[in-house]
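The values are calculated or read from the model by the stated rules, or taken from the named source; none is laboratory data. Source: prediction; values computed, not measured. For neighbour counting, all protein chains shown are included, and Cβ atoms are generated from backbone atoms with ideal geometry for every residue, glycine included.
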Amino acid sequence: MTAQTSHWVVLALLNIPVYLGLGRWVFFDDWDDFFRCVRYWLTPDVISLFRGEYMDDFWGSTKLVIFVILCAGIVIGEHHLLHGDSDQPAGSSPPSGRPATPAQGAARNLSIQREFA
């Protein structure tokens, strides 16, 4: 596992209490409600329609999808908050065109001075 992958895994694991709290107090009444939403998500809509559970299926599937998107968004947001633009390869400049390190800035200034000398 690379260092970049391990950052994502650690963030995802450290956020388990956040997922549980978000699910319990915002989306689902209890574990039965959560598993009911998973069951609705896995059940084809046509079958739910014939059972007379289409609206329950729609709402349960929607709650589950929004919950998963928010959990992923939390991890992505924390990663960018903690690591910023660290996804760039070593030695590359940030998108603003400024050097990533003072040493790269000094080397750039030296090369520009040599061009005009």
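Filter the range 15-44 down to the residues that are exposed (fewer than 10 other Cβ atoms within 10 Å of the Cβ) and part of a helix (DSSP H, G or I) and list them by number.
Pro17, Trp25, Asp32, Leu42
Kindly list the number of the only condition in (1) farther than 30 Å from Gly84 by Cα; (2) in a helix (DSSP H, G or I) that fails for Ser6.
The failed condition is (1).
Tell me the residue from Ala90, Ala72, Ala103, Ala12 that is at pLDDT below 90, in a helix (DSSP H, G or I) and aliphatic (A, V, I, L, M), please.
When all the criteria are applied, what remains is Ala103.
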